[in-house]
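Every read-out reported here was derived from the displayed coordinates using simple, explicitly stated rules and does not represent laboratory data. The shown structure was predicted, so the numbers you read here are calculated from the model rather than taken from an experiment. Backbone-built Cβ (ideal geometry, glycine too); neighbour counts: all protein chains shown.
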Amino acid sequence: MTSIDPVAQKLLYSIMQFNKGKWRQHKPHGRNHNEIMVLACLLHGSHPGERMDWRDNPPDFESHLNQEHPGLKVSEISALLRVKSPTITPVIRGLEDEGLVERTMDPEDRRAVRITITDAGRAIIRAAHDERMATFNRLVEHLGEEDSLQLAELLSKVYTFFDTQVTHSSEADEHASKASKQGNDASEQGDDTP
């Protein structure tokens with residue numbers, strides 16, 4: 001059993017508080033988290049957190065990706081957001097019903113459908129971003145610039161740590177699974193019992 005490190009325990013508790021916080025239930029500009037993430041994905045053509053270095057490049061809400069970019073398939077949106085397609089499909093349907101996204105046929109594959117953000121969807125994501133930035137501006141005022149920069153640096157390190165842990169854990173699980181399968185295949189080949 002792993003010994004309980006009080007510093008690690010305090011850190012775990014602090015991070016767990018974010019999952020329970022009221023701020024997670026807040027709907028920027030009346031939109032839930034999934035809707036915002038899908039719209040942001042469509043606006044940028046990539047996962048909003050991974051598209052660019054946010055320190056140097058604020059979001060460009062005026063660029064018309066629909067003209068330069070054919071949109072994204074549902075499977076591409078799902079992959080970018082790391083969720084299964086059935087999770088995203090009803091979100092897209094709801095956004096489409098409200099005129100925030102539209103479906104178009106893929107010009108290169110008539111069986112495929114691409115999703116693009118509309119001007120109304122772009123306006124929603126801009127308003128949600130402005131609302132979120134107003135909140136974070138207040139947080140910077142509350143913490144001070146120095147602590148805010150330190151927190152941002154620490155949170156980036158936390159993200160990198162957990163992202164690396166998941167990658168290593170997934171690779172280890174995959175390796176163990178392959179080794180187990182090979183072991184089972186070898187034992188099945190040498191065993192003639194029905």
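Quickly rank 79-89, 34-44, 123-133 as a protection proxy: mean count of other C-beta atoms within 10 Å, highest first. Numbers along the way, then the final one.
Numbers: 79-89: 14.3, 34-44: 22.8, 123-133: 16.8.
So the peptides 79-89, 34-44, 123-133, ranked by packing, come out 34-44, 123-133, 79-89.
Amide H neighbours of Thr118 under 5 Å, counting only residues 5+ apart in sequence or on other chains, H built in-plane at 1.01 Å?
Val101, Glu102
Skipping prolines and chain starts, which residues have an amide H placed within reach, meaning under 5 Å, of the one on Ala112, given they are 5 or more residues away or on another chain?
When sequence neighbours closer than 5 places are left aside, the close amide H contacts are Asp106.
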